[in-house]
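Novice: One structure coming up, written as structure tokens, with questions to follow.
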Amino acid sequence: MPSKGVKSFRTRQDKQKMIEKLKKKTHFSKLEIEKLLEMQRKLSTRGNKIDRSKFRDLLHNTFAITEDFIMDRVFKAFDKDNDSHLNEEEWILGMSVFLRGTIDELCKYCFDVYDMNSDGFISREEMFHLLKQSLIVPGNEQDDPDDGVKDLVEVALKKLDQDHDTRVSFEDFKTSIHDDNLLLECFGRCLPNLPRKESFLEQIADEAHLKK
């Protein structure tokens, strides 16, 4: 029995250390982190990690992000160790940016979502693919919808390509967003809209308050 008591104490101690560490690295309070960790445990499928399917359900049902390809890219932006699951730290750090990120944090997040091959650039081909996924409706009778997407790629390059090398680096993207915040999600919505975000934050704040 004593050994079991010591084990649970160490577990609680480790948890509190992790929460304090995450509090310093995020925009959440200690109680909000505790609530998010509870949510993470409920969403977890194995080894206290969230898989891609559960995360996509959350994006779709809670935050109304519905584009399949974008949901996969958002998951990839959260999944820093590329193991196809979100551990506690990835979940909390990702949600901190997703819900309360600074403009610089949001620039990095959106850029990572759009940089499909993670080479540090958003290429013309990547822009085309992202815009086509977001804009073209299956069954549309338009003669050649690709032409419209190609035109939008050229418009995007003019707005974002600061050094005129026909691709968008992170510095290009960041500079453009600081000039015009409306360009942040120019290749597809990958952040929650304000009502959904506020509703979610109110929920975890209320639950955290009740726990006091």
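Novice: With +1 assigned to the C-beta of every Lys and Arg and -1 to the C-beta of every Asp and Glu, and no other charges, what is the dipole magnitude of the chain about the Cα centre in debye, to the nearest 20?
Specialist: On the way: 36 positive and 42 negative charges, 451 e Å.
It works out to roughly 2160 debye.
Novice: Of the listed pairs K17/K76; K21/K80; K15/K108; K132/K197; K25/K159; K15/K197, which have alpha-carbon separations greater than 23 Å here?
Specialist: Cα-Cα > 23 Å for K17/K76; K15/K108; K132/K197; K25/K159; K15/K197; rest within.
Novice: Now a separate question. Summing Lys, Arg as +1 and Asp, Glu as -1, what charge do residues with Cβ under 15 Å from the Cβ of S118 carry, S118 excluded? Can you show the working numbers first?
Specialist: Working: positive: R73, K76, K80, K108, R167; negative: D72, D79, D81, D112, D115, D119, E125, E126.
Summing Lys and Arg as +1 and Asp and Glu as -1 gives -3.
Novice: Right, next: Sequence neighbours fewer than 8 away in the same chain don't count; with that in mind, list the aspartates and glutamates whose C-alpha is under 16 Å from K30.
Specialist: Within reach: D14, E20, E38, E88, E89, E202, D206, E207.
Novice: I've got another one for you. Set the Förster radius R0 to 22 Å, insert the Cβ-Cβ distance between K42 and R196 as r into 1/(1 + (r/R0)^6), and round the FRET efficiency to 0.05.
Specialist: Details: r = 19 Å, r/R0 = 0.87.
Taking R0 as 22 Å, the efficiency between K42 and R196 is 0.70.
Novice: Around P192, with a cut-off of 12 angstrom between Cβ atoms, what is the net charge of the other residues, counting Lys and Arg +1 and Asp and Glu -1?
Specialist: Details: positive: R100, R189, R196, K197; negative: E185, E198.
It works out to a net charge of +2.
Novice: Another one. Taking Cα atoms, how many degrees apart are the long axis of helix 124-135 and the longest axis of the chain, rounded to 10 and kept between 0 and 90?
Specialist: Tilt of helix 124-135: around 80 degrees.
Novice: Stokes-Einstein at 37 °C, 0.692 mPa s, Kirkwood radius from Cα pairs: D for the chain in µm² s⁻¹? Intermediate values should be presented prior to the final figure.
Specialist: Numbers: Rh = 19.0 Å.
This corresponds to a translational diffusion coefficient of 173 µm²/s.
Novice: Of L93, T166, I204, which is farthest on the positive side of the dipole of the chain, counting Cα position, with +1 on Lys and Arg Cβ, -1 on Asp and Glu Cβ, and the Cα centre as origin?
Specialist: Most positive-ward Cα: I204.
Novice: Let me ask you something else. Helix 68-78: angle to the longest alpha-carbon principal axis of the chain, degrees 0 to 90, nearest 10?
Specialist: 50 degrees
Novice: Pairing the Cα long axis of helix 2-25 with the longest principal axis of the chain, what angle in degrees results, from 0 to 90 and rounded to the nearest 10?
Specialist: 30 degrees
Novice: Now for a different question. Give me L194, L99 ranked fewest to most by other Cβ atoms within 10 Å of their Cβ, as a rough exposure proxy. Walk me through the numbers before you get to the answer.
Specialist: Working: L194 8, L99 21.
Listing L194, L99 from fewest to most nearby Cβ atoms yields L194, L99.
Novice: Quick one: net charge of D172's neighbours, Cβ under 9 Å, K/R +1, D/E -1?
Specialist: Values: positive: R167, K174; negative: D161, D163, D165, E171.
So the surrounding residues net to -2.
No lab work stands behind these numbers, since they all come straight from the coordinates. Worth saying up front: this structure is predicted, and the values here are computed from it rather than measured. When we count neighbours, we look across all protein chains shown, and the Cβ atoms used for this are built from the backbone with ideal geometry, even at glycine.
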